[in-house]
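Structure first, then comments.
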Amino acid sequence: MTRTDRTWIAALAVLAFGLHAVAFLLISPSDAFTFVIPWWEHVIAHGIGSPVGNYAPPYLYLLWLMAPLKGIILDVAMIKLLSLAGGCWLAIAACRVLAALNRPWWPGLFALALPSVVANLSMLGQAETFWVAPCLLSVAAAIERKHV
């Protein structure tokens with residue numbers, strides 16, 4: 001990795017952090033209060049065996065795993081942190097696709113600075129990245145002919 005690559009990575013990290021920090025701290029999504037936080041409270045109170053919400057069960061399992069944070073941080077912050085974890089997985093998957101194409105991996109980090117990613121993760125606390133990342137990983141596996 002060249003010095004120029006490291007400079008780009010640092011600049012990208014600052015850009016992505018700044019965009020996410022502003023969106024994370026200044027915007028409070030109404031659907032988190034209407035839907036996701038009540039689901040989270042339900043899985044904390046009743047466990048994961050009781051059906052709730054209209055998201056796929058894996059997301060509800062992730063909410064349940066975040067239960068120890070209840071009371072430590074704000075509920076909406078917890079929802080957004082979970083979304084940011086999905087964003088990190090998305091960036092790793094994007095880097096993996098580039099590596100499979102024999103390209104430098106680090107431009108995949110730009111996925112974290114895409115406007116739609118910032119909006120979905122830090123503004124709205126959405127969970128789309130948990131579904132996009134496996135798709136990208138399967139593309140990388142197909143490129144490498146590792147179908148199994």
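The values are calculated or read from the model by the stated rules, or taken from the named source; none is laboratory data. Computed from a predicted model, the values in this text were never measured in an experiment. Quick reminder, even Gly has a Cβ in these numbers, built from the backbone with ideal geometry, and neighbours come from all protein chains shown. SASA here: full protein model, heavy atoms, side chains in, ligands and nucleic acids out. Shrake-Rupley method; radii C 1.70, N 1.55, O 1.52, S 1.80 Å.
The single condition among (1) surrounded by 15 or more Cβ atoms within 10 Å (Cβ to Cβ); (2) under 22 Å from I48 (Cβ atoms); (3) in contact (Cβ under 8 Å) with a residue 24 or more places away in the chain that L69 does not satisfy is (3). Taken over the stretch 5-60, the criterion of being open to solvent by 80 Å² or more (accessible area, probe 1.4 Å) and polar (S, T, N, Q) is satisfied by T7, S30, T34, N54.
This table checks each residue for (1) modelled with pLDDT of 85 or more; (2) assigned to a helix (DSSP H, G or I); (3) closer than 23 Å to S116 by Cβ; (4) more than 18 Å from the chain's Cα centre (by Cα).
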position	(1), (2), (3), (4)
L15	yes, yes, yes, no
F33	yes, yes, yes, yes
V36	yes, yes, yes, no
H42	yes, yes, no, yes
I48	no, no, no, yes
K80	yes, yes, yes, no
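Within the stretch 85-102, can one find any residue that is open to solvent by less than 60 Å² (accessible area, probe 1.4 Å) and basic (K, R)? Checked against the condition, which is being open to solvent by less than 60 Å² (accessible area, probe 1.4 Å) and basic (K, R), the stretch 85-102 yields no hits at all.
For the stretch 50-64, the tally of residues that are in contact with a Leu (Cβ under 9 Å, 6 or more places away or on another chain) and part of a helix (DSSP H, G or I) stands at 3.
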